[in-house]
Amino acid sequence: MTEPNGTKSGGGFFATILIVVGIAWMTLTGLCTAGVLISSIIGNPSFEMLGAIPVLALIGAICIGPGWLLWMVGRSMKRRRNGAGG
């Protein structure tokens, strides 16, 4: 079905779901990674712990990445539906 302004109806709900899931994913995985980092620093406050920070940053990026992609896809779908363009 087409709205009077030429945009398709529907799909806005799915885009909103993708945005919400993406934000929740990024938030929860980011908090989890930060929690592991903080507990590691508190448990072993030494300069040796600094070597684990790049590994935790890589794991955090891998975990946050899918949430970021979901958020970007949802945002793109919402913009396209609203006619805002690229």
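FYI, it's all coordinate maths here, none of it is from the lab. Note that the structure is a prediction, hence the values are computed from the model and not measured. As a convention, Cβ positions derive from the backbone with ideal geometry for all residues, glycine included, and neighbour counts pool all protein chains shown.
Go through (1) on the phi < 0 side of the Ramachandran plot; (2) loosely packed, with under 14 Cβ neighbours inside 10 Å for Ile59 and report which single condition fails.
(2)
With the condition kept exactly as written, say whether any residue in the range 74-84 is exposed (fewer than 14 other Cβ atoms within 10 Å of the Cβ), part of a helix (DSSP H, G or I) and hydrophobic (A, V, I, L, M, F, W, C).
No, that holds for no residue.
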